[in-house]
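Comments concern the structure below.
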Amino acid sequence: MTMKKVLITETINEEGINLLKEKFHVDLINGITKEELKEIIGEYDALIVRSNPKIDEDVIKNAKKLKIIGRAGNGIDNISLDAATKRGIVVANTPDSNSMSACELAIGLILNQSRNIAQADAHLKGGGWNRDRFMGTELYGKTIGIIGLGRIGSLLARRMAAFGMNVIAYDPYISDERFERFGARKKEHLRELLEEADFITVHTPKTTETIGMIGEDEISLMKDGVRIVNAARGGIIDEKALYRGLEEGKVASAGLDVHQVEPCENNPLVCLPNVVVTPHIGATTIEAQQNVGRSVADQVIKGLAGEIVPNA
Ligand code: NAD
Ligand code: MLT
C-alpha cells in the first residue's frame, strides 16, 4: 500500500513532524509560492500551513486527493473555507495553542510604547546616550481598551489589570459575565472605547466586519497621544489611516506584529520612528510552536484515519 502524503509549507515543530513521519510520507517545502503549490498539491492527502501561501479556490481546485488542511495556528483568514467545504476538505486550526505567546507579545508592544525600549536600544548601539529623548509614560493608572475579548484579549485583560491599568473592552458577541470574569468594563459601543482609552489593542479575527474597523473616523475619535497595538491581523487597522494619525501626532506611537501585506513590502509605517514592528512573531515561541506542532499533527493523523478531528 502506498503511504499517504503530507505537505508542510512553513516549518512546524520537529516533534509534530516526527509524529507525522511515523505514519506518512512528509514533505516540507518552506516558502513555497502559491503557483508552485498549485502545481503539486494534487499529489497530497493533507496540507499543513501557517500564514503563507494563501490557500484559495485556485489552489483547492487542484487538490484532487486532499482530505484535510491543518492550520498550524489560529487565524484561518488565509484559507478559503467555502472552497474547502465544497470539496469536502476538513479545515482544522489550533486556536488555543499560541494564545499566551500572542498575548505576551502584545504586552511587549505595549511596554515598548510606554518606554521606547527598541528605539533607546538602537540609539545606544549607535553610540548615543541621550536619556531625555526617551521620556516614557507609566502604564499604571492609564486606560487600556481591548477590542475583542476572546482567548488573547481576555488573557491580556487580566495581565494589564495587574499593571494597575483600567481595563475596558468592546466585544459585541460575548456575554456580560465574560467581561466581569476578566475584569474588563464593558463598552457597548466602539466609540466609547475609542474616546476613553490611552492604549488601544485589537484582538478580533479578520473578517469582512473587522477589516478596516479602525480607520480615519475611528482614529479621529481617539484621545490625542493614543498608543495603538495590532498583534491580531494586518488590515483590521487601516494602515493608511494609522500612518496619517502618526504623522499628524494624533497617535503617539504604534506597535505592530501584523501587516496588511506580509512579508512587508514598501510599507511606510515600518520606517516611522514612533512605530515598532515585528514580522508576525506572536506565536514564535518554543512553547507555542510545541503546542501547535503536536496539535496539528494529531489533527492530520485523525483526519487521515477518518476519525473526528478536534477543532475542525
Ligand atoms: P478568539 O476567536 O478567541 O477571540 C476573538 C474575539 O473577537 C471574540 O471574543 C469575538 O467575539 C470578538 N470579535 C469578533 N468580531 C468582533 C468585532 N467586530 N468587534 C469586537 N469584537 C469582535 O481569537 P483569539 O484567539 O483571541 O485571536 C485574536 C486574533 O489574534 C485573531 O485575529 C488571530 O488570528 C490573531 N492571532 C495572532 C497571532 C500572532 O502571531 N500575532 C497569534 C495568534 C492569534
Ligand atoms: C495565528 O493565527 O495563529 C498566528 O497568526 C500565528 C501564526 O500564524 O504563526
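Alpha carbons only, please: Rg and Dmax for the range 1-120, in angstrom.
For the range 1-120, the Cα radius of gyration and maximum Cα-Cα distance read 17.0, 61 Å.
List, in order, the whole-Hz ³J(HN,Hα) value for each residue of the range 49-54 obtained from phi through the Karplus relation with A = 6.51, B = -1.76, C = 1.60 and θ = phi - 60°; use x for Gly and Pro.
For the range 49-54, the Karplus curve yields 10, 10, 8, 10, x, 5 Hz.
How many angstrom separate the Cα center of the range 1-57 from the Cα center of the range 169-243?
When both Cα centres are located, 35 Å separates them.
Output the Cα-based Rg and Dmax of the chain in Å, rounding Rg to one decimal and Dmax to a whole number.
According to the Cα coordinates of the chain, Rg and Dmax are 21.0, 71 Å.
Could you pull out every one of the aspartates and glutamates with an alpha carbon less than 17 Å from that of residue 34, ignoring same-chain neighbours closer than 8 positions?
10, 43, 56, 57, 58, 77, 262
Taking only DSSP H segments of four or more residues, each worth -39500 (n - 2.57), what value at 222 nm results for the chain once the sum is divided by all its residues, to the nearest 500 deg cm²/dmol?
Using -39500 (n - 2.57) per qualifying helix, the result is -10000 deg cm²/dmol.
Exceeding 29 Å between C-alpha atoms, which entries from my cross-link table qualify? They are 4/206; 54/125; 125/223; 125/206; 38/302; 206/240.
Too far apart for the 29 Å limit: 4/206; 54/125; 125/223; 125/206.
If we sort 192-200, 266-274 on the protection proxy, mean other Cβ atoms within 10 Å, highest first, what's the order?
In decreasing order of mean packing, 192-200, 266-274 become 192-200, 266-274.
Laboratory data are not the source of any read-out in this text; all were calculated from the coordinates shown. Nothing here was measured: the structure is a model prediction, and the numbers come from that model. Using ideal geometry, Cβ is built from the backbone for each residue, glycine included, and neighbour counts are taken over all protein chains shown.
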